[in-house]
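Please read the structure below before turning to the comments.
The values are calculated or read from the model by the stated rules, or taken from the named source; none is laboratory data. Predicted, not measured: the structure shown is a model, and the values here were computed from it. Backbone-built Cβ (ideal geometry, glycine too); neighbour counts: all protein chains shown. When the accessible area is computed, the model is the full protein with side chains, heavy atoms only, and any ligands, DNA or RNA have been set aside. Shrake-Rupley method; radii C 1.70, N 1.55, O 1.52, S 1.80 Å.
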Amino acid sequence: MRDHCRLDWPRRRAMGKVAAVTVVTAVAALATGCGGTAGPPHAAPPPPVQPVHVPAAQIARLPAATTYGTTAAAPPDPAPFAPETGFVLHPEVTRVVYSRPGGPPVAELPVTELGSPTWVPVVAAQPGWDLVLLPARPNRSTGWIYLGGGGLQTAYSAYQVQINLATLRLTVLDAGHSLGSWTVADGTAGTPTPTGRTFLLASLAPRHPTYSPLILPLGTHSDTLSTYGGGPGTVGLHGWPDAAVFGHAASHGCVRVPPAALRALSRIPLGSPVIITS
């Protein structure tokens, strides 16, 4: 069973809007003649596919689905530019990630990412299973999470961040309504910003900020840099002290945003969808 709840926001992050998830079951009757005789009942849905048993020793050898990890056996995103569902998932304990429902394990999803609670977006579902985006390399990696056994929270985020690299515009939407649109800076031709759907992975507030009071890593990486500044080449959203960069390709792949955009982004819950188009 899913534990539908409000998101457990990381520290240093304002609360965003989360819609409660309500499941409604509708029962329809087929009436015939004056007596209104009910038709035959619908067949019960088949039970969910059960996951294969993974021994603890094997789990310990699985790659971690983190921004530092590589999940080479994880399936690629089947629709990298499709809208995300808005549903997000948080493991309260480390969970095994599978290649498909009932298939082999490919990774483990930890409870935290970069010091923030792990929230990953759900992009597809079938009974008993959710397909989620993973923050590991290669970009656009996905995996299936079995929903049975407890230890999972799910919620819904009405927010979406849209980044158009052709126009260098970032737009924040809440339930389809624009909260603002800003001119930003993206990656240079040699270090381009990767495209496709991704998500807000973490929220970092540097103790001694040099260029931005808040850094928002995404679940995607540079396609040209394997490492940068001691990190794994994670692409993020952050501010920049020189406004002259906005409207230009100027970064190593991150998206530099003006102060008003950063304030809007700071209110968006982790796991919320970000789609980058060219």
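Below is a table of values for the structure above.
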quantity	calculated
Condition broken by Gly102, with the remaining ones in (1) part of a strand (DSSP E or B); (2) open to solvent by less than 40 Å² (accessible area, probe 1.4 Å) satisfied	(1)
Residues located in the range 112-123, provided they are among the hydroxyl-bearing types (Ser, Thr, Tyr) and either in a loop (DSSP other than H, G, I, E, B) or open to solvent by less than 10 Å² (accessible area, probe 1.4 Å) (or both)	Ser116, Thr118
Elements of type strands (runs of 3 or more DSSP E) contained in the range 162-260, each with 1 or more residues being within 18 Å of Leu270 (Cα to Cα), hydrophobic (A, V, I, L, M, F, W, C) and open to solvent by less than 40 Å² (accessible area, probe 1.4 Å)	169-174, 196-199, 215-221, 234-239, 255-257
Selected residue [without any contact (Cβ under 8 Å) to a residue 24 or more places away in the chain and among the hydroxyl-bearing types (Ser, Thr, Tyr)] from Ser212, Ser222, Ser251, Ser226	Ser226
Hits in the range 61-78 - residues which are part of a loop (DSSP other than H, G, I, E, B) and touching a residue at least 60 places away in the same chain (Cβ under 8 Å)	Pro63, Ala65, Thr66, Thr67, Tyr68, Gly69, Thr71, Ala72, Ala74, Pro75, Asp77, Pro78
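Conditions (1) farther than 26 Å from Thr195 by Cα; (2) crowded, with 19+ Cβ neighbours inside 10 Å; (3) of a type outside the set (Ser, Thr, Tyr), marked per residue:
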site: Ile59; (1), (2), (3): yes, no, yes
site: Val88; (1), (2), (3): no, yes, yes
site: Pro110; (1), (2), (3): no, no, yes
site: Ala125; (1), (2), (3): no, no, yes
site: Leu133; (1), (2), (3): no, yes, yes
site: Leu147; (1), (2), (3): yes, yes, yes
